[in-house]
Structures are given as C-alpha cells and as structure tokens.
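The values are calculated or read from the model by the stated rules, or taken from the named source; none is laboratory data. Predicted, not measured: the structure shown is a model, and the values here were computed from it. Quick reminder, even Gly has a Cβ in these numbers, built from the backbone with ideal geometry, and neighbours come from all protein chains shown. Accessible surface areas use protein heavy atoms only, side chains included; no ligands, DNA or RNA. Shrake-Rupley method; radii C 1.70, N 1.55, O 1.52, S 1.80 Å.
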Amino acid sequence: MYGLVDCNNFYVSCERVFQPRLDNRPVVVLSNNDGNVVSRSAEAKQLGIPMGAPFFEVRELLRHHQGHALSSNYALYGDMSRRVMARLAAHAPAVEVYSIDEAFLDLHGLTTYCGTLDTRVQAIRRDVLACTGIPTCVGVAPTKTLAKVANRLAKKHPELQGVLRLDTASRRERALRALPVADVWGIGYQYAGKLATHGIRTAWELSQVSEAWARKHLGGVVGWRLVQELLGQPCQDLNPSEDGTLARKSISCSRSFGQRLTAFDDLWGAMATYLSRAAEKLRAQGDQAHILTVYLSQDRYDTRVPPPYTRSTTLTLPGGPTSDTLQLLAYARRMLERLYEPGRVYVKAGVVLDGLERPGRGQQLSLFAPASSTATNPLSDVRAQQLMRSLDALNRQFGRGTVRPAATVTAAGQSAPWQGKAQHKSQAFTTRLEDLLVVG
C-alpha cells in the first residue's frame, strides 16, 4: 500500500502557523511580483476565488470580506516543507518527496506492527499537525495513481476526516465513478477534452478502456500503465529520496519583473540571476544538465501585443552536461540574443534545466565535439568544478548572492530593475534570527 500525504492549502497554512489572526478568514498567497493567486484558504475558496486569478480582480472582494493577501515567502515555505517531510520520514520506511507539499509513503507491512492502516495514517496526520502546525489529507491505495485519487476525494469530503483508503474493488469503483477524468493524475484538462470526444468523462470510464485503445489514444505504453494503475495494478515504484529532499527531474527559475523592461542589459541581468539560482540548485542536487531552455514573455493582457506572448529557445549543450554557472551563462547569453527584439516590452523571463544526470553516468559523448571543449579537457573541468564548489561554499557561509556573476550586480544604492514586488510579504520566521517570534 502507498500513502499520499498532501498538505492542505500549504502556503496559507504556513502563514497561519505564525499568524493566528489569519485563522477563519479568507486568505490568499500571491505569486512572484504579487501577480496571481497561487494558494487559497478554504474561506477564500468559498468566496469563489479561483486559483490563478489576477490579484487586481479579487482585491476588492477580499477587502469586503476582511480577507488578507500575502506575497510569496518561499524561504518560509521551503523550511516548513523540510519539517513536514522529516516527520513523515519518522513514520514510514521509505518516503518519496513529490513536491514541496506532497509525499508518497511506503506503507507496506506496517499493519503487522502498528494496527490498522486507518489508525496509523490518522496518527501520522496528528503528529505532523502537532509538530509543524500543518494540516494534511492522506490517500491510501495499492498504486500511486489511486493514492492520488483517494487524496483528492479526501480533501473534497470533510466527512472522511482527511483519510480515504481504496483497498477493495467496490471502494475503488465508487471513487473512480465520482472523479472527473480531468482530475486523474497524468491526464489534465487538455487530454480530458480529447477523452470527452470519445465519451469518457470519469476516471471509472477511463479505467474500462481496452489496452489497444489506451495505447492508441493515451500515448502508447504510458497510457496503458495509467489504466493499469487505476485498476489497482502497480506500474510505478516509489522513488525515495535518500536525504529527504525533493530530487527534481528538471529545474526551473522564472520571475515576473517589478517593472516593464526593454533594455537588453536589464533582461540579461534578470536572466543571469535566474540561471545562477537554477545552477546552484542543480549542484546542490548533485546533477548536471545537458538541455537549457530560456524564454521571454510579454504582457498577455496588453491588447497592443499580438500572440505569441512568450518566445523560447532550447539548446542541447554542445559541450556535454554541466553544472558550471559560467558555462551555462555563456550559452544563455547567445540564446537571449536570438530571442531579444529591440522595442518590445517584456514582463517576465525564465530558464529551465533539463536532462539531469549524475556526473559521469550515461554521458553521451559527441564524435564531433571540439578538442578545446571543457568536456574533453579534464584539467579545465576539474578547475571549473573547484571554482563552483568554492562559490557555493562562500555563499553558504556569507549569504546567498555574496559572490555572483557581474551581470547580476547593480550600481551601489540601486535596486535591480527586474526585482519583483512583494508588498505583503511576511517575516522569515524560521530562517532569520531577527525575525524569530518573541512570546510573552
């Protein structure tokens, strides 16, 4: 049996741990630059505030109902996530950290020593709430896909007291009949529209398709495995994280700008900042990337701007996989020069590192790689790795951004023009000594 633990309204719940005045009130957390709603309390959902709504559209509604809007505080959310995952690891033999607020648990064999699964899972929920203040829901099932189904239904139906177990055929059928196919893990709204044209609108109807149909219409063997998982046949193993942290399959860093940018140097400063942060995460995970994507976005709400609003370019790194910030910046600069168009107004930029792999493992060598490439120059490669280790060590000791690329540095006394707005940001309650709560 697998268990999927999902934190309820995670960002809002993190804020409420340190600000009890937010309890029982409509609360939303906004995306970078205070643009859109990315987390809602139950009270905000009852007001009809949708996920992703622009803040300017819901500001008056929140004010009328004495609600609150907060800027994203990712330092706080990341630390609270680490605490939640640590508690989960104390209760299960293996944990797969799926996202900042979700984790799969290996529950096989626990009933032998810990009573029924319901009793055990409720104990886990109580422990997480007591130690971190974060409420959770848990779905229990023989496959990871069914565990996601169970968790989604447990959240929608308060009478289930936060736990739903799908361990019999009758329970599975009842749950799948109640779940729209768009809510199945791995389907999404675009695929759901395609399935609707074939008369498939619920997860149960999807589970009844033939293997030939699934392979033809759901992307081959991947689609058939999804159907098998809905039928209770495990096709996905747990991928536990050895250190309890999230092992990403790709790393992305993007931000909306605090002001509209037109100058290339400003855009390059933003891009270099985001790529430096992504490369730092890449090295912390112990991986290298061999695919780099950069993109620029214009304002989709500006009627003078024709689509497409976002332009991107992707490069398979010709020198082989790397985690060297300086190498990645050299590639990204040339890619940005191809995307940039003078006179256009940009509101957002981002980078994505894909094709992550461990150094030296499964590396595809190039027959035509230049002899001067760092990938074929061991001495240069070793020196570059030493430089990155030194850079990371200095930033850990003296603070993030203490040593950084020159492109990201602004004139003394001036803030970066790409710096986003965060007018409603809470304190770093758990990661900065000056912000620690004082009781009494």
Checklist entry - In deg cm²/dmol, rounded to 500, what helix-only [θ] at 222 nm does the chain give when every DSSP H run of at least 4 residues adds -39500 (n - 2.57) and the total is split over its residues? => result -12000 deg cm²/dmol
Next on the checklist: List the lysines whose Cα sits under 21 Å from the Cα of K421, skipping any in the same chain fewer than 8 residues away.
Outcome noted: K348
Checklist outcome for this item: Residues other than N395 with Cβ under 9 Å of its Cβ, Lys/Arg counted +1 and Asp/Glu -1, net out at +1
Item to check | HN-Hα J in Hz across the range 214-220 - Karplus 6.51, -1.76, 1.60, θ = phi - 60°, x for Gly and Pro | outcome: 4, 5, 6, 10, 10, x, x
Next on the checklist: I need the shape label for the range 1-57. Rule: rounded when a/c is under 1.5, else prolate if a/b > b/c, else oblate, with a, b, c from the alpha carbon gyration tensor.
Outcome noted: prolate
Checklist outcome for this item: Reported to the nearest 10 Å², K348 has, with a 1.4 Å probe, an accessible area equal to 70
Checklist outcome for this item: Sorting E434, E205, E280 on solvent-accessible surface, 1.4 Å probe, most exposed first, gives E434, E205, E280
Checklist entry - Rounded, prolate or oblate: which fits the range 95-162, taking a ≥ b ≥ c as square roots of the Cα gyration tensor eigenvalues, rounded meaning a/c under 1.5, else prolate when a/b beats b/c? => result rounded
Next on the checklist: Tell me the per residue accessible area of the chain using a 1.4 Å probe; a whole number in Å² is fine.
Outcome noted: 53
Checklist entry - Out of residues 5 or more away from T313 or on other chains, whose amide H comes under 5 Å of its own, with H placed 1.01 Å from N in the peptide plane? => result V294
Next on the checklist: Given a Förster distance of 41 Å, report the FRET efficiency between H157 and T262 from their Cβ-Cβ distance, rounded to the nearest 0.05.
Outcome noted: 0.20
Checklist entry - From the Cα gyration tensor of the range 1-113, with a ≥ b ≥ c the square roots of its eigenvalues, which class applies: rounded if a/c is under 1.5, or else prolate if a/b is larger than b/c, or else oblate? => result prolate
Checklist entry - Quick one: Karplus J couplings for the range 158-165, per residue in order, coefficients 6.51, -1.76, 1.60, θ = phi - 60°, nearest Hz, x for Gly and Pro? => result x, 5, 7, 6, x, 9, 9, 10
Checklist entry - Any idea of F18's accessible area? Nearest 10 Å², probe 1.4 Å. => result 40
Item to check | Interchain or long-range residues, amide H under 5 Å from L70's placed H | outcome: V28, V29, L30
Checklist entry - In the neighborhood of Q236, defined by Cβ-to-Cβ distances under 15 Å, what is the net charge if each Lys or Arg adds +1 and each Asp or Glu adds -1? => result -1
Checklist outcome for this item: Sorting R260, R40 on solvent-accessible surface, 1.4 Å probe, most exposed first, gives R260, R40
Item to check | Contact order relative to length of the chain, as percent, for alpha carbon pairs under 8 angstrom and 6 or more apart | outcome: 16
Checklist entry - Can you run phi through the Karplus equation (6.51, -1.76, 1.60; θ = phi - 60°) for the range 204-211 and list ³J(HN,Hα) in whole Hz, with x for Gly and Pro? => result 5, 5, 5, 5, 9, 6, 7, 4
Checklist entry - Per the 1.4 Å probe, what fraction of the accessible area of the range 176-299, in percent, lies on carbon and sulfur atoms? => result 48
Next on the checklist: I want the local charge near L62. Using Cβ-Cβ distances under 14 Å, sum +1 for each Lys or Arg and -1 for each Asp or Glu among the other residues.
Outcome noted: +1
